[in-house]
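K.L.:
Got a structure here, written out as structure tokens. Questions coming.
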Amino acid sequence: MPIKVILVKDTDSKRADQTRDFHTRLLDYLREINLLEQIRVVRVADIGVYEQGIVIKILPDNTIYANVADSDIKRIVEAVFKENEVVQDLVFKPKAKQCRIVLRNCGKINPESIEEYIACGGYLALKKVLGELGAQKLVEEIKISGIRGRGGAGYPTWMKWNFAREVASAEKFVICNADEGDPGAYMDRSILEGDPHSVIEGLIIAAFAVGASKGYFYIRAEYPLAVERIEKAIKQAYDYGLLGKNILGSSFDLDIDIRLGAGAFVCGEETALISSIEGKRGTPHPRPPYPSVKGLWGKPTVINNVETLANIPIIISKGGKWFAQIGTSTSKGTKVFAVTGKVKNSGLVEIAMGATLREIVVDICGGTLSGKPIKAVQTGGPSGGVIPKELLDTPVDYENLQKLGSIMGSGGMIVMDEDDCMVDIPKFYLGFCVEESCGKCSPCRIGGFQMLGYLNKISEGKGRPEDLGQLRRISQAMQKASLCGLGQTASNPVLSTLKYFEPEYNEHILNKRCPAGKCSSLVNYGIIADKCKRCGICFTNCPAKAITGGKEAGYSIMQEKCTKCGRCFDVCKFKAINKK
Amino acid sequence: MNKLTPGDLDQMSQVPTDKPKDWIKVGMSSCGIAAGAEEVFNFFVEEVKKRNLQIEIKKCGCAGACYAEPLVEVKVEGLPPVIYGTVNKEIATKILEKHVISKMLVNDCIFEVLA
């Protein structure tokens, strides 16, 4: 029986894959010295390390060697069998390491089994809270942990609970905000689908803290699987007496219901969400009064994000002090990020606050898919901004991102390379906000629409230098006077791209040119005569019949007819179409 | 089902979830299902029945490595638990024939080996 396993992967993406060759040579050597019975060698698809040449991992030791050459094989094999010995000059220690607290059970347990959740220590935090801890000490523990709302605003959770706790009222409510409207963000979806009981347990604990007797899950209808799993989990909790009357034999009662969202981004905002549950149109209300004092049906209501609630059981189990040791001085704990866009390994990354953007996007997620350099990383969704590549070593926490003109938001992180246009990106986000605006207040309803108009003009080559000043002026008005966060932050992507990429805006305005080649009106397609093989594929594929010529004389594109669809560029096998 | 008491919770939390039995876990969250995990899961259930293998096919949530879905974790006695990525029916067949039956890890398809 082999006692050691060696995993092999060539992680250099810029050359032909050498995994197989190295694997063969390693096997040959082991066969030579008769060690094949004791060492198993496996070629893997992913070794968790990127762009470090040939990487091997020794198990069960967990030693990783990087940039390994054939000549190193002998030394490595010798070290494998000596106790505690490693080949120092080849050892690789990954800097960035994920810290699975919120996602502790995701991927491990069956989300449809409450027994598996309990077997992992589930509902023991609730038992502690109802038994020895009590509501006062519970809030104290949450305060010590320093956890801040993970929905984006980063408000101290203990404070929200405390406000609601202190209001005398016969009826109080707790709500789990599972609306998750940010494009590209799906952390909450994965938590609800992968570990629904952790969120339910968090919600029950929140209800106990404030004295609520009714709870709601507000889940967006676009998440049918999450709704299904939460529904199943709630029923299982009722069956086991973890919901309903006299929970775990205590005097605490709680009922939980599900309410579905109906496609409105604005309903992720607290007061609009409350309106929606009340059966009204989802429009926000001025605050104060804050929901903790006067919320659902005028009663004290605590609304918490899915990720915030998923943290609660483990904070109670391991203690607030334990949680406060993770993260930075202002931002405790971990954050789950949904890294998407032009990145190799898109997915969810949970890491302690304070990790740098580079660690997340390059070290863990492998950098850009195309291999082209990162241009910027967008964080915080439509309320956020871009962080240019020069600032990728910024440690991620609430304050740092704000200082740079962005926000943490709910955790969406979009990686962009040189093919992404810094006028097009804010245009997308602003378009989203304009579409999602409830229309109640003028700054957002009119301001957003006007700003989008300017961005459209600029991306069509009709912009003027004064437009940038107008964009800034309207942004200020929206920030100061909009009723809710949607309007207040809709201008962030524009302001952020103006801050770091103003020259790119000027290229569009003054030179009528889009450096990224994205804004279709500013892109000109042309046939490179000396590369053109006259195959006629572009001619046959042009939907606007904008290509003239023939196999003898060659082809050319009639600019007046060209709709800039890019089809010719995509179909040409000889790279004879240039795009500029 | 009986309403739980605090004592019941303590007892149930001691139950080991990974009994010595062999199992295959398929990631079945939206990301996995979008990548084809449901077909892979159903394929495993069918094939295990056809081949009469003593191995449980289980579901789990999203482990975070969405780029590598469908993710399948395999635990077979005598081998470390292994996570295979971008699994399709072809790779699923190899997992059953090589890994489960012949106790040999399937090269080129592994995303993580849990020591």
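K.L.:
From the set of residues in the stretch A:152-200 that are polar (S, T, N, Q) and touching a residue at least 24 places away in the same chain (Cβ under 8 Å), which is nearest to A:V336 (Cα to Cα)?
P.N.:
For the stretch A:152-200, the residue satisfying everything is A:S190.
K.L.:
A further question on this structure: Pull up the stretch B:63-109, narrow it to residues that are within 14 Å of B:G36 (Cβ to Cβ) and part of a loop (DSSP other than H, G, I, E, B), then point me to the one that is nearest to the other protein chains (Cβ to nearest Cβ).
P.N.:
B:G85
K.L.:
In addition: Give the residues of the stretch A:509-523 that are exposed (fewer than 14 other Cβ atoms within 10 Å of the Cβ) and either part of a loop (DSSP other than H, G, I, E, B) or over 41 Å from the mean Cα position of the chain (by Cα) (or both), sorted by residue number.
P.N.:
Listed by number, the list holds a single entry, A:N511.
K.L.:
Something else: Looking for whichever is surrounded by fewer than 14 Cβ atoms within 10 Å (Cβ to Cβ), over 22 Å from A:S13 (Cα atoms) and at pLDDT 85 or above here; the options are A:Q88, A:Q98. Which one fits?
P.N.:
Answer to the check: A:Q88.
K.L.:
Filter the stretch A:524-562 down to residues that are in a helix (DSSP H, G or I) and not β-branched (V, I, T) and give me whichever is surrounded by the fewest Cβ atoms within 10 Å (Cβ to Cβ).
P.N.:
A:N541
K.L.:
Also, I was wondering about something else. Specify the residue that is farthest from A:E222 (Cα to Cα); the eligible residues are those in the stretch B:21-36 that are within 14 Å of another protein chain (Cβ to nearest Cβ) and in contact (Cβ under 8 Å) with a residue 40 or more places away in the chain.
P.N.:
By that ranking, first place goes to B:W23.
K.L.:
Could you check the stretch A:38-124 for strands (runs of 3 or more DSSP E) lying wholly inside it with 1 or more residues that are among the charged types (D, E, K, R)?
P.N.:
A:39-43, A:54-59
K.L.:
Has the stretch A:213-227 got any residue that is surrounded by 23 or more Cβ atoms within 10 Å (Cβ to Cβ), within 14 Å of chain B (Cβ to nearest Cβ) and assigned to a helix (DSSP H, G or I)?
P.N.:
Yes; the residues of the stretch A:213-227 include at least one that is surrounded by 23 or more Cβ atoms within 10 Å (Cβ to Cβ), within 14 Å of chain B (Cβ to nearest Cβ) and assigned to a helix (DSSP H, G or I).
K.L.:
A further question on this structure: Among the numbered criteria (1) within 14 Å of A:C433 (Cβ to Cβ); (2) surrounded by 19 or more Cβ atoms within 10 Å (Cβ to Cβ); (3) out of contact with any Ser or Thr (no Cβ under 8 Å at 6 or more places or on another chain), which single criterion is violated by A:S491?
P.N.:
Condition not satisfied by A:S491: (3).
K.L.:
Further, regarding this structure: Kindly provide the set of residues from the stretch A:298-308 that are surrounded by fewer than 22 Cβ atoms within 10 Å (Cβ to Cβ) and touching a residue at least 40 places away in the same chain (Cβ under 8 Å), ordered by number.
P.N.:
Within the stretch A:298-308, just A:K299 meets the criteria.
K.L.:
OK, next. Given the options A:K335, A:K342, A:K321, A:K299, name the one that is of a type in the set (D, E, K, R), more than 23 Å from A:V377 (Cα to Cα) and out of contact with any Phe, Trp or Tyr (no Cβ under 9 Å at 6 or more places or on another chain).
P.N.:
A:K321
K.L.:
Here are some residues: A:V102, A:V174, A:V199. Which one is touching a Leu at 6+ places or on another chain (Cβ under 7 Å) and within 14 Å of another protein chain (Cβ to nearest Cβ)?
P.N.:
When all the criteria are applied, what remains is A:V199.
K.L.:
Mind checking which residues of the stretch A:493-533 are on the phi > 0 side of the Ramachandran plot and at pLDDT 90 or above?
P.N.:
A:K512
K.L.:
If B:E112 satisfies all but one of (1) touching a strand residue (DSSP E or B) at 6+ places or on another chain (Cβ under 9 Å); (2) modelled with pLDDT under 95; (3) assigned to a loop (DSSP other than H, G, I, E, B), what's the number of the condition it fails?
P.N.:
(3)
K.L.:
Continuing with the same structure: Quick one: what pairs do we get from the stretch A:463-474, first residue outside the structural domain of A:P503 (by TED's automatic domain parsing) and loosely packed, with under 12 Cβ neighbours inside 10 Å, second part of a helix (DSSP H, G or I) and hydrophobic (A, V, I, L, M, F, W, C), C-beta under 8 Å, 6+ apart or different chains?
P.N.:
Matching pairs, first to second residue: none at all.
K.L.:
Of all residues in the stretch A:563-580, how many are assigned to a loop (DSSP other than H, G, I, E, B) and either closer than 16 Å to A:K518 by Cβ or of a type in the set (A, V, I, L, M) (or both)?
P.N.:
Residues that pass the stated criteria total 6.
Residue by residue, here is whether (1) under 30 Å from A:S329 (Cβ atoms); (2) under 22 Å from the mean Cα position of the chain (by Cα) holds:
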{"residue": "A:G381", "(1), (2)": "yes, yes"}
{"residue": "A:G384", "(1), (2)": "yes, yes"}
{"residue": "A:G405", "(1), (2)": "yes, yes"}
{"residue": "A:D417", "(1), (2)": "no, yes"}
{"residue": "A:C421", "(1), (2)": "no, yes"}
{"residue": "A:R445", "(1), (2)": "no, no"}
{"residue": "A:G448", "(1), (2)": "no, no"}
{"residue": "A:G453", "(1), (2)": "no, no"}
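K.L.:
From (1) within 8 Å of another protein chain (Cβ to nearest Cβ); (2) under 23 Å from B:V82 (Cα atoms); (3) of a type in the set (F, W, Y), pick out the condition that doesn't hold for A:Y117.
P.N.:
Unmet for A:Y117, out of (1) within 8 Å of another protein chain (Cβ to nearest Cβ); (2) under 23 Å from B:V82 (Cα atoms); (3) of a type in the set (F, W, Y): (1).
K.L.:
Pick from the stretch A:125-149 the residues that are part of a loop (DSSP other than H, G, I, E, B) and of a type outside the set (A, V, I, L, M, F, W, C): which of them is nearest to A:L309 (Cα to Cα)?
P.N.:
My answer is A:G149.
K.L.:
Test each condition in (1) in contact with a Lys or Arg (Cβ under 6 Å, 6 or more places away or on another chain); (2) farther than 21 Å from B:L114 by Cα; (3) not small (G, A, S) for A:N67 and report the one that comes out false.
P.N.:
Failed condition: (1).
K.L.:
Only one of A:E278, A:E222, A:E193 is of a type in the set (D, E, K, R), in contact with a Ser or Thr (Cβ under 7 Å, 6 or more places away or on another chain) and in the same structural domain as A:K128 (by TED's automatic domain parsing); which?
P.N.:
A:E193
K.L.:
Another one. Identify all residues within the stretch A:20-49 that are buried (at least 20 other Cβ atoms within 10 Å of the Cβ) and not aliphatic (A, V, I, L, M); write none if there are none.
P.N.:
A:F22, A:H23, A:R43, A:D46, A:G48
K.L.:
The conditions are (1) of a type in the set (A, V, I, L, M, F, W, C); (2) out of contact with any strand residue (DSSP E or B) (no Cβ under 7 Å at 6 or more places or on another chain); (3) more than 30 Å from B:A65 (Cα to Cα), and A:L296 fails exactly one of them. Which is it?
P.N.:
Every listed condition holds for A:L296 apart from (2).
The values are calculated or read from the model by the stated rules, or taken from the named source; none is laboratory data. Keep in mind that this is a model prediction, so the values were computed, not measured. Heads up, the Cβs are rebuilt from the backbone with ideal geometry, glycines too, and the neighbour counts pull from every protein chain shown.
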